[in-house]
Amino acid sequence: MISLRWNIAGSMVVVLLQLGYTAYTARAVDAHAYGVYAITLTVVPLFGYFANAGLSACVLRSERLTLPFVRAARRLAVVSGSVCFLLVEAVAPVFGSFFHMPDVTFMARLLACVFLVQPSANVTVTAMRRAGAAPMAVLAESLGQAAGVAAAAGLLVCGWNPFALALAQPVAAAVALSVGTAWIARRALPPGPPVRARDLLAPSVFMTSHSLGQFITNNIPLWASGRLLGPGAAGSYSRASLFTGLLLTFLYQGINWAVTPLLAERRAEGLRFDQDVQRTLCAASAVAFTGFGITAGIGPAVLRLLLGPGWEPAVALVPVLSAAAAMTLLCYCGGLIDQVRNAPRALLGTLTVTAVATVAGVAAAAFAHALLLAAVAATAGQGVGHLAQLAAWHRSGLMRAGAALRMHGVHLAVGAALGGAAALGSAERSAAAALGYGLLAILPVVLVCVLLRRWIPVFTVAVAAGMLRSRRSLTSPLRSSAAADPTDPAC
């Protein structure tokens, strides 16, 4: 629980930094220039999946963290990162030609510098978390983000616009790596047998390929927008996607860091983790639908306040991309479950149907020449992918699909009520007033949810896990025990 609190606190700091940085760059960089950066930010990280080589996931899931293991992972990260840096420097002109944006070439070469430090930084910070040093890991990442944002903003002020945007990530990674390296030098990690590169690469090749497939699928709508509708459309889509993506990353990382080690330990001990899986999905469902329901309702007002005038197309995309982020969170959490239970066919099946549905939706958006339909395609693709996960779990006996859908339905109703109230409260008001009225409008819905909390599955799970206390659980232990299954139709 201490580690989870530190991870959440660190993620909140990063989100606040990114929101402030977004507000500044929206006024310092126009939509066309930001579109160039947005395109670069989606093509260069393709190489990042090979640079990182799945090493962070390998470190996080390691049964025993030793000094030779960490050293081998860091050495491999340096080699793979350097190779990817050289590759991007060589192929950068291809990116500029494909998107008909010459500035993408120089931007890509600048952003490629991140590969010289980020793979090693990721391995180091992950090792800190795996060793139980969550506070130091949070400190390293927060200092890195602050330094990266400050460096990029300072260069923008000096007139290096928009290319200074590409230096925020390399600077952030370099600072995080420096702090992490100092921690490892002072920390006495236990010794162990020598670790070869092949020992690290073998288990991570599949997950690297799978993550790369997810990245490509998620960015198809943005690429199509930039290629067919121009850099202005790509910039608007990217701004709205970044806004919802900050919350998505914050929530997913918290769930990943808390759930993956727990499920991995239970599986290593030969214990059944069906109940943990059900609780994980219930928590993800509640967080996704309620969190992004509120974002869909009040997010347009927040984005108007952050970005200022001239970004109306981005503001209009927020409700749809909030729905896409909710489905992405569910799909990603389902992927965590399939990773831990070692179900590669299920992972590939989910990725395949998600990609096919997304491509079909993007084709329809291209035919209609409508940016909004590209966002709808992202939502539909992730939704179909999660349905494929539920079908696979139902067939394997891990979870009943019908009960899981009813659980999603309750949380969706709560999220829709919260989002609808926020939208009504903020309608036809100035940006600053809309934010206040939107937050005020959701209070009656929150009160109703509190009164009806025993009908909400996530409350049942929280009581069963001991996170909340219920009068019924105090007077009826049998009921508390029965509430442990969030997919129980009685929930």
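The values are calculated or read from the model by the stated rules, or taken from the named source; none is laboratory data. Bear in mind the structure is a predicted one, so any value in this text is a computation, not a measurement. Note that each Cβ is placed from the backbone with ideal geometry, even for glycine, and that neighbours are counted across all protein chains shown. Each accessible area value is taken on the protein alone, full model and side chains, heavy atoms only, with ligands, DNA and RNA left out. Shrake-Rupley method; radii C 1.70, N 1.55, O 1.52, S 1.80 Å.
List of remarks:
- Within region 383-395, none of the residues are touching a Leu at 6+ places or on another chain (Cβ under 7 Å) and open to solvent by 60 Å² or more (accessible area, probe 1.4 Å).
- Taken over region 94-151, the criterion of being surrounded by fewer than 21 Cβ atoms within 10 Å (Cβ to Cβ), polar (S, T, N, Q) and in contact (Cβ under 8 Å) with a residue 12 or more places away in the chain is satisfied by T105 alone.
- Just one of (1) touching a Pro at 6+ places or on another chain (Cβ under 8 Å); (2) farther than 26 Å from F250 by Cβ; (3) buried (at least 18 other Cβ atoms within 10 Å of the Cβ) fails for L373. It is (1).
- Exclusive hit being small (G, A, S) and open to solvent by 50 Å² or more (accessible area, probe 1.4 Å), set A168, A185, A172, A240: A185
- Candidate set from region 1-52 (those that are assigned to a loop (DSSP other than H, G, I, E, B) and modelled with pLDDT of 75 or more); member that is surrounded by the fewest Cβ atoms within 10 Å (Cβ to Cβ): D30
- Failed condition for Y252, given (1) of a type in the set (S, T, Y); (2) open to solvent by 40 Å² or more (accessible area, probe 1.4 Å); (3) under 13 Å from A375 (Cβ atoms): (3)
- Matching residues, region 362-391, being in a helix (DSSP H, G or I), of a type in the set (G, A, S) and without any contact (Cβ under 8 Å) to a residue 24 or more places away in the chain: A363, A364, A368, A380, A391
- Within region 322-344, being out of contact with any Asp or Glu (no Cβ under 9 Å at 6 or more places or on another chain) and open to solvent by 30 Å² or more (accessible area, probe 1.4 Å) holds for A323, M327, Y332, Q339, R341, N342.
- Restricting R454, R429 to residues that are at pLDDT below 90, part of a loop (DSSP other than H, G, I, E, B) and open to solvent by 40 Å² or more (accessible area, probe 1.4 Å) narrows the list to R429.
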